[in-house]
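The values are calculated or read from the model by the stated rules, or taken from the named source; none is laboratory data. Owing to the predicted nature of the structure, the values given are computational and were not obtained by experimental measurement. Glycine also receives a Cβ, built like all others from the backbone with ideal geometry; neighbour counts cover every protein chain displayed. SASA here: full protein model, heavy atoms, side chains in, ligands and nucleic acids out. Shrake-Rupley method; radii C 1.70, N 1.55, O 1.52, S 1.80 Å.
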Amino acid sequence: MARGGPRIEHGRRLELGQSFQDGGEHYQRVRPGYPAYSADWLIPAGATDAVDVGAGTGKFTALLLERGLAVSAVDPSPDMLEQLRAHYAAADATQGTAEATGLADSSFDVVSVAQAWHWCDPLPASTELARILRPGGTLGLIWNQLDTSVPWVHRLSRIMHAGDVYKPGFRPVVGPEFEGLESHVTRWEDNLSTADIMELTKSRSYYLRAGEATRSKVLANLDWYLHEHLGHAVEADISLPYLTLTWRAAKA
């Protein structure tokens with residue numbers, strides 16, 4: 001079985017990750033949330049405290065709060081955390097990374113990393129997250145991905161340069177501090193307009209790091225595909241199929 005996610009060289013990972021340092025308001029507005037069942041499946045019975053690492057603007061933080069957990073949120077971007085604090089004031093938001101959270105030992109029942117593990121160095125991050133988990137605590141890794149088993153979505157993902165698409169056999173790398181890695185896939189749809197899809201594209205690392213000529217080409221290709229090829233009216237609502245991959249493992 002294949003292991004790991006996108007194979008990003010360390011320097012390139014840091015470069016791409018920097019593209020999310022700004023633009024928190026745009027990210028919060030256009031990126032989808034997560035299906036409720038992804039959190040229900042992840043969170044063990046009796047859990048009281050969780051930390052959302054790489055929390056961004058709080059898309060997964062929201063689900064943890066809704067389930068009555070005391071939540072800390074960690075992200076390296078002050079801009080993202082500003083949005084998180086504005087929308088989810090009940091979370092204790094601090095700046096940090098998966099490799100260096102700055103949180104106390106054995107403080108949490110659950111650690112979630114949503115849409116961010118591929119930006120982490122997985123082995124040092126595993127060591128750090130195991131440190132802040134209580135014995136037997138749960139590590140959760142979550143990804144929203146376009147459902148490219150649907151032909152029109154597969155072509156859309158290529159035009160958007162959406163690299164985070166489902167790969168059969170995918171298995172995230174975690175350190176020896178965790179055991180019993182298992183997964184669940186949730187299929188769902190996000191309703192959004194063609195204009196929203198254009199804005200969603202603008203929130204992706206490929207677009208954020210591209211020059212103006214490349215950005216213009218991507219948007220022109222999207223405009224043709226959505227409105228001419230697929231025949232959607234401008235601003236028409238579309239149901240965009242997603243997969244949410246949720247992985248959990250227990251602290252050994």
Residue, nearest to Leu129 (Cα to Cα), within segment 33-82, restricted to residues that are assigned to a helix (DSSP H, G or I) and polar (S, T, N, Q):
Thr61
For Thr244, state whether it is surrounded by 13 or more Cβ atoms within 10 Å (Cβ to Cβ), touching a Pro at 6+ places or on another chain (Cβ under 7 Å) and modelled with pLDDT of 90 or more.
yes
Take Glu189 and decide whether it is at pLDDT 95 or above, under 30 Å from Asp237 (Cβ atoms) and either of a type outside the set (Ser, Thr, Tyr) or crowded, with 20+ Cβ neighbours inside 10 Å (or both).
yes
Among the listed residues Glu179, Glu228, identify the single one that is under 27 Å from Leu42 (Cβ atoms) and either at pLDDT 95 or above or buried (at least 16 other Cβ atoms within 10 Å of the Cβ) (or both).
Glu179
Of all the residues that make up segment 197-218, how many are touching a helix residue (DSSP H, G or I) at 6+ places or on another chain (Cβ under 9 Å) and open to solvent by 40 Å² or more (accessible area, probe 1.4 Å)?
7
Wholly enclosed strands (runs of 3 or more DSSP E) of segment 89-170 bearing at least 2 residues under 20 Å from the mean Cα position of the chain (by Cα) and surrounded by fewer than 16 Cβ atoms within 10 Å (Cβ to Cβ)
92-95
